[in-house]
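Report on the structure given below.
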Amino acid sequence: MRVLNLEDKNILVVEDDEMSFIYLSQIFRITKGNINRAKNGRDAVELACSLNDLDLILMDLQLPDITGLEATRKIRKHHPDIPIIAQTAARTPEEHEEAKKAGCTDLIEKPFKMEELLEIIHKYLELQPKK
């Protein structure tokens, strides 16, 4: 299994579900990634716009206040180039297209395995695996 070294990477995890966040935080603990968490879309926009050193955003699309799609649109105004990976249970091509139109760089379908998430992160951050 490929394990990335993310110790110099800052990642915003937007996730309202506690169990999903615990799973993600364990992945980022293994990879040594620096994470900030937002539990809703409004906090995600506020954090993303206040942090200038973000390398990647992992965005849940089903949030309790504004949707992940709306949060992504707002974040794109301040960070047009940052990779935003949507995490969703969406399965249809239309839902995937809607995420892309909102500004998501890519999409990972829940439930996902650690390896799948790390492969997408590697793709956008061009990281080298740990030796």
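Values quoted throughout were computed directly from the atomic coordinates according to the rules given, and no laboratory measurement underlies them. Note that this is a predicted model, so its numbers are computed, not measured.
Treating the angle as unsigned and between 0 and 90°, give the value, to the nearest 10°, between the Cα long axis of helix 93-102 and the longest Cα principal axis of the chain.
Helix 93-102 and the main axis of the chain meet at about 90 degrees.
Restricting to the chain, what percent of DSSP beta bridges are antiparallel, rounded to 5?
5
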